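Everything on this sheet refers to the single structure shown next.
The values are calculated or read from the model by the stated rules, or taken from the named source; none is laboratory data. For clarity, every value in this text was computed on a predicted model and none was experimentally measured. FYI the Cβ positions are ideal-geometry reconstructions off the backbone, even for glycines, and counts take in every protein chain you see. Each accessible area value is taken on the protein alone, full model and side chains, heavy atoms only, with ligands, DNA and RNA left out. Shrake-Rupley method; radii C 1.70, N 1.55, O 1.52, S 1.80 Å.
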Amino acid sequence: MKHLGLEAGVFARSLYLQYVALFQWATVRGYIAYKVLLPVTQILFFVQWGVYATGRQNALYLALGNALQLTANAAIFGPRS
Amino acid sequence: MNLLGPQRLVVRSLVRAAFSAFVLSVRLRVISPWSYLNWLVFPLLFAIVGLYVLSLPGAGSSHLVYGVLGGGLIGYWSVAYIDAGNGIQDERWNGTLEQIFATPTPLWVILLGKVCGGLLFGLFAFVPTAAAAFFGFHAVLPALDPWRFVISLGVLTLSFFCIAITMAPLFALWRWAFSMINGFELGVYILCGFMFPVAVLAPWAQGVAGFLAPTWAVKALYAATVAQGPHDFAAWWAVTSGLSLAYLAGAYFLYALVEREARVSGELALV
């Protein structure tokens, strides 16, 4: 039971640090650059590239694939990824 | 009395300082794993994916050219703006910024050597990507015009050099500038036409792309590898050179600001 409490404490502290990284250390400008600008341009780039190479029929597949990859990336590596 | 003597000595000492900075930056990049990620791993990944996608059945030879050169261009750009552009930031992180400002050699001379070292490594990015294209996909440049290709690559290098020199004080003065440009990295790939032609973009996006010097040099570079399409090399080289010099003019004021922050207020290391 004590071990579980310690683990919960580590979890809570990690949550707090992620919050601090997101809103204090990383700054709003950093958040805009890496969580807005980068994902939008990544999707635009790969969709445009795929459309140029294979035609318009794969545009939705490429957009959804990149959106999934970006979401997974953010979840795994945290707010600065 | 030979009046040119002292001037010649000064010029020679400046060239020697720039060359020393170049050698040191090359040696640091040889032992840096991050550097290999930038010029070897990252462009190679893009090149392999690009070659796979662009060599699908039915794709034209002009499509494949973007796979052969695109990965190298991406690597070259990444090294130019990240490695070379962080020339002043590196010194701040290493704790050597104050020593550099205390030396009689002007800051731009040291940066000149460092940026040239960065660009040399950026050029290396074409080696693994071209090798992957040739050995992995049996892809070659279909109608290569060697002289125009070399000149276009030289003009592109000039534009990357001017951008790196301009970004160095920009990144040192405002840290968020690097985050923004780093976040917009793939936007640059789109607007400069690294992996597909700018002509496929919306007209407004083509207008924005026109203000970026590498766009025109990349257009010339690709035109030198295919027979079809427009071949206005002189105009493209002139636009690239003009825009690059305009960036340098802007950099002049940024360097003045860096000098002020470092020498007058002494706050540059704290930004």
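Among the candidates B:VAL239, B:VAL198, the residue that is out of contact with any His (no Cβ under 9 Å at 6 or more places or on another chain), farther than 28 Å from A:LEU38 by Cα, crowded, with 18+ Cβ neighbours inside 10 Å and not acidic (Asp, Glu) is uniquely B:VAL239. For segment A:31-73, the set of residues classified as of a type in the set (Ser, Thr, Tyr) and farther than 15 Å from B:VAL53 by Cα consists of A:TYR31, A:TYR34, A:THR41, A:THR71, listed by residue number.
Quickly run through segment B:150-196 and pick out the residues that are at the interface with chain A (Cβ under 10 Å from one of its Cβ atoms) and touching a residue at least 40 places away in the same chain (Cβ under 8 Å). Hits for segment B:150-196 are B:TRP174, B:ARG175, B:PHE178, B:ILE181, B:ASN182, B:GLU185, B:VAL188, B:TYR189, B:PHE194, B:MET195, B:PHE196.
Per the conditions (1) open to solvent by 30 Å² or more (accessible area, probe 1.4 Å); (2) touching a helix residue (DSSP H, G or I) at 6+ places or on another chain (Cβ under 9 Å); (3) at pLDDT 95 or above, the sole criterion not satisfied by B:PRO203 is (2).
Residue count for segment B:80-118 satisfying the condition of being among the small types (Gly, Ala, Ser) and open to solvent by 30 Å² or more (accessible area, probe 1.4 Å): 2.
For B:LEU144, state whether it is open to solvent by 70 Å² or more (accessible area, probe 1.4 Å) and among the hydrophobic types (A, V, I, L, M, F, W, C).
Numbers: open to solvent by 70 Å² or more (accessible area, probe 1.4 Å): yes; among the hydrophobic types (A, V, I, L, M, F, W, C): yes.
In short, yes.
I need the helices (runs of 4 or more DSSP H) fully contained in segment B:151-227, keeping only those with at least 2 residues that are touching an Asp or Glu at 6+ places or on another chain (Cβ under 9 Å).
Numbers: elements: B:175-183, B:185-192, B:203-209, B:213-223.
Correct list: B:213-223.
Please find, within segment A:39-80, the residue that is most open to solvent (accessible area, probe 1.4 Å) out of those that are at the interface with chain B (Cβ under 8 Å from one of its Cβ atoms) and within 30 Å of A:LEU17 (Cα to Cα). The residue in question is A:GLN42. Taking segment B:242-271 as the range and being surrounded by fewer than 18 Cβ atoms within 10 Å (Cβ to Cβ), in a helix (DSSP H, G or I) and of a type in the set (Gly, Ala, Ser) as the test, the residues that pass are B:GLY242, B:ALA246, B:ALA249, B:GLY250, B:ALA256, B:ALA269. Criterion applied to B:GLY70, B:GLY75 was being open to solvent by less than 30 Å² (accessible area, probe 1.4 Å), within 14 Å of another protein chain (Cβ to nearest Cβ) and touching a residue at least 12 places away in the same chain (Cβ under 8 Å), and the one residue passing it is B:GLY70.
On the basis of being farther than 24 Å from B:LEU69 by Cβ and loosely packed, with under 15 Cβ neighbours inside 10 Å, does B:LEU37 make the cut?
Taking the combined requirement at face value, the residue does not satisfy it.
For the criterion of being among the β-branched types (Val, Ile, Thr) and either over 30 Å from A:VAL40 (Cα atoms) or crowded, with 20+ Cβ neighbours inside 10 Å (or both), B:VAL208 fails. B:PRO57 meets the conditions (1) within 14 Å of another protein chain (Cβ to nearest Cβ); (2) assigned to a helix (DSSP H, G or I) in every case but one. The failed one is (2). Of the residues B:ASP145, B:ASP90, the single one that is free of Cβ contacts under 8 Å to residues at least 60 places away in the same chain and not hydrophobic (A, V, I, L, M, F, W, C) is B:ASP90.
What residue, among those in segment B:128-141 that are without any contact (Cβ under 8 Å) to a residue 24 or more places away in the chain and open to solvent by 70 Å² or more (accessible area, probe 1.4 Å), is farthest from B:HIS63 (Cα to Cα)?
Checking each candidate, the answer is B:PHE135.
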